[in-house]
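A.B. asks: Submitted below is the structure of interest, expressed as structure tokens.
The values are calculated or read from the model by the stated rules, or taken from the named source; none is laboratory data. All values derive from a computational prediction rather than experimental measurement. Cβ: placed from backbone, ideal geometry, glycine included. Neighbour counts: every protein chain shown. Only protein heavy atoms, including side chains, enter the accessible area calculation; ligands, DNA and RNA are left aside. Shrake-Rupley method; radii C 1.70, N 1.55, O 1.52, S 1.80 Å.
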Amino acid sequence: MSDRPFTFDIPLPGVIPTRYDHHITRRLSEMVGYYADEQAFAAALAEKDETLYEVYEIRRPERAGELLHGVSIVHPGKIGNEYFMTKGHFHAVLETAEVYYCLQGEGYMVMETPEGECVVQPLRPNTVLYVPPRWAHRSVNCSDESDLATFFVYPGNAGHNYGSVAERGFRKRVVERDGRPQIIDNPRWRS
Ligand code: F6R
Ligand code: ZN
């Protein structure tokens with residue numbers, strides 16, 4: 001891994017960076033338990049193990065001082081009335097932040113702290129979002145047609161903690177009601 005300065009482009013539209021080291025694809029089968037409507041989830045999975053989102057990572061050493069970065073792309077779609085979304089996570093080192101820059105599409109970042117604060121922030125092209133330390137975060141694509149693409153940067157030592165979100169979810173969910181996104185309480189959230 002080079003320690004010389006480097007550049008790359010993020011072509012628009014398309015948003016696949018011209019340089020990346022790692023390409024993650026998250027399929028429906030990896031999201032068991034994340035969506036509220038379990039019947040709709042099972043029906044969708046029986047039809048196709050669709051790719052819900054992808055991440056293109058520019059790898060850096062996972063240590064303080066480094067910045068990990070890349071592009072996250074959530075595809076359009078819904079399970080029942082709940083929009084496609086990322087798993088969401090706390091950083092393993094809770095006191096680490098992250099910056100997101102929305103490149104294209106429309107959606108939300110659902111965020112919450114272990115203490116129970118919750119913020120759902122709209123994302124649209126050119127929005128910069130600062131996720132402070134301690135805030136778990138999940139991207140949600142609420143477009144019917146386009147990908148939600150964001151550029152992200154976070155500290156090399158942050159790590160990821162998926163466990164608590166996998167167990168209890170976020171306090172809020174983003175669903176479609178009457179053709180529009182609506183933020184609702186998560187009926188399955190557990191303290
Ligand atoms: C890194 C980060 C993003 C997400 C990506 C996929 O800390 O927040 O790169 O990792 O949007 O989401 P998850 O990791 O929640 O599946
Ligand atoms: Zn993160």
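A.B. asks: From the list VAL119, VAL153, VAL131, exactly one residue is away from ligand 1 (no atom under 13 Å from the Cβ) and farther than 25 Å from LEU28 by Cα. Which is it?
C.D. replies: VAL119
A.B. asks: (1) surrounded by fewer than 20 Cβ atoms within 10 Å (Cβ to Cβ); (2) outside any loop (DSSP other than H, G, I, E, B); (3) more than 16 Å from ligand 2 (Cβ to nearest atom): which one isn't true of LEU52, the others all being true?
C.D. replies: (1)
A.B. asks: Quick check on segment 76-89. Is at least one of its residues open to solvent by 30 Å² or more (accessible area, probe 1.4 Å), under 20 Å from the mean Cα position of the chain (by Cα) and near ligand 1 (Cβ under 9 Å from one of its atoms)?
C.D. replies: yes
A.B. asks: Right, something else. Sort through GLU167, GLU95 and tell me the only one that's more than 14 Å from the chain's Cα centre (by Cα), farther than 21 Å from GLU57 by Cβ, more than 10 Å from ligand 1 (Cβ to nearest atom) and modelled with pLDDT under 95.
C.D. replies: Of the residues listed, the single one that is more than 14 Å from the chain's Cα centre (by Cα), farther than 21 Å from GLU57 by Cβ, more than 10 Å from ligand 1 (Cβ to nearest atom) and modelled with pLDDT under 95 is GLU167.
A.B. asks: Follow-up question, since we're still on this one. Cβ-Cβ under 8 Å, sequence separation 6+ or interchain: first residue in segment 139-162 and of a type outside the set (A, V, I, L, M, F, W, C), partner surrounded by fewer than 16 Cβ atoms within 10 Å (Cβ to Cβ) and not in a loop (DSSP other than H, G, I, E, B). Which pairs?
C.D. replies: Sorted first by the residue in segment 139-162, then by its partner, the pairs are TYR154/LEU67; TYR154/VAL99; PRO155/LEU67; GLY156/LEU67.
A.B. asks: Looking at (1) assigned to a helix (DSSP H, G or I); (2) surrounded by fewer than 18 Cβ atoms within 10 Å (Cβ to Cβ); (3) not hydroxyl-bearing (Ser, Thr, Tyr), which is the only condition ARG60 fails?
C.D. replies: Checking ARG60 against (1) assigned to a helix (DSSP H, G or I); (2) surrounded by fewer than 18 Cβ atoms within 10 Å (Cβ to Cβ); (3) not hydroxyl-bearing (Ser, Thr, Tyr), the one that fails is (1).
A.B. asks: Here is a further query. Tell me whether segment 36-46 contains one or more residues that are within 15 Å of the chain's Cα centre (by Cα), more than 19 Å from ILE16 (Cα to Cα), of a type in the set (Phe, Trp, Tyr) and surrounded by 14 or more Cβ atoms within 10 Å (Cβ to Cβ).
C.D. replies: no
A.B. asks: Same structure again: Condition first: among the acidic types (Asp, Glu) and within 20 Å of GLU62 (Cβ to Cβ). Now tell me which residues in segment 1-50 satisfy that.
C.D. replies: Within segment 1-50, ASP3, ASP21 meet the criteria.
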